[in-house]
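Any read-out appearing in this document is the output of simple, stated calculations on the displayed coordinates, not a laboratory observation. All figures in this text were calculated on a predicted structure; none of them were measured in a lab. Cβ atoms come from the backbone with ideal geometry, glycine included; neighbour counts cover every protein chain shown.
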Amino acid sequence: MNMNQMASLTCSSSSSFSTKLPLHSSTPLKRRRRRSNHDFLRMVTRSCLDDSSALLRAAQYTVDTYVKSGMVVGLGSGHASGMAIQHLGRQLRTGNLKDIVGIPMSVASASEAAKSGIPLDTYQDSTQIDFAFDDADAIEEGTLVAIIGRRKLQSEESIVQEKSILYAANKLVFIIEENQYKGGLEGSIPVLIQSPTWLATAEEIDDIFLGDAEVWRRPAIGQAGPLGGDFPLVTKEGCNVLDLIFTSPIASLAEVAKRLDTVDGVVDHGVVSKIPCTVVIASPNGMKILDKLTADIVG
């Protein structure tokens, strides 16, 4: 799909999973001890912001601080990323930035960038990306490991492509609100699996996380259930999407990702661990900037 086609599409808002049923019942396990990671984090607190402007200021700060003329920029999806794209377009129109090329992560970001006058290109495996910004559904306190992909996906959107752009970037910033940064995260992690063997893969994942999480196949339309309803979602890569929904606090997102990566049939998932990584947190009490500069040391 070319950029003009992508720009003509739009992305729908987040969906909920209030009527889903597990593959089998589960009971919470004891919480596991989290290890501190603050030794490789730098935090800076900016001036106070009011509720209405906090996220906008964070988006503008991200563009003004990290985007330089001549860069290839990965353009994220979500409310904050949309505001950052709009500000980037204004900076181009006023001449404060020049020669920017945007690489959109979704049809929504492509559409917003086209309206903002940002020149676009498509992502290829060899694409060199200087900087990328994105929204995250949640970010784990201390580690800065992120969850993406909880929102409803359109047929031409791809968690695989979004993650590829994030990992290809020399520098990455997530723009989030204060309530999205916490320890002991709960809720869903999307898992992309091969469609022909989806049920066997789902049952294996369900067994691995028994007592901590429940597994549902995401529908394209209608209500979700363990089988995904009559119209299960199929991504442009031909994958089904499982929502691995944690009902007890997650001790380590990195450990969840490691266990998912061992399962045959798993193509990708919504856990992002990128180094270096910066998180810009919009808060009514002040904007916070967190940097993860080095890898975690195990042992």
### Task
Give the peptides 258-270, 125-137 in descending order of average Cβ contacts within 10 Å, highest first.
125-137, 258-270
### Task
State which entries of LYS163/LYS258; LYS171/LYS236; LYS68/LYS182; LYS163/LYS274; LYS182/LYS292; LYS182/LYS236 exceed 21 angstrom in Cα-Cα distance in the structure shown.
LYS171/LYS236; LYS68/LYS182; LYS182/LYS236
### Query
Once all Cα-Cα distances of the stretch 118-189 are split into 10 Å bins that start at 0, what whole-number percent is in each one?
17, 46, 30, 7, 0
### Query
What shape does the stretch 52-105 take by its C-alpha gyration tensor, where a ≥ b ≥ c are the square roots of the eigenvalues and a/c under 1.5 counts as rounded, a/b above b/c as prolate, and the rest as oblate?
oblate
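Given C-alpha coordinates of the stretch 92-148, what is the ratio Rg to Rh with the Kirkwood estimate of Rh?
Reported Rg/Rh (Cα atoms, Kirkwood Rh): 1.04.
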### Message
With every atom except the alpha carbons ignored, what do you get for Rg and Dmax of the stretch 197-246, in angstroms?
### Response
10.7, 32
### Long-range tail of P(r) for the stretch 241-299 (Cα pairs > 19 Å, %)
50 percent
### Task
Let me know the Kirkwood hydrodynamic radius for the stretch 182-223, please, with Cα pairs as the basis and the value in Å to one decimal.
11.9 Å
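Using only alpha carbons, build the gyration tensor for the stretch 200-299 and give me the equivalent ellipsoid semi-axes, biggest first, whole Å.
30, 18, 14
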### Whether the stretch 134-255 is rounded, prolate or oblate, judged on the alpha carbon gyration tensor where a/c under 1.5 counts as rounded
oblate
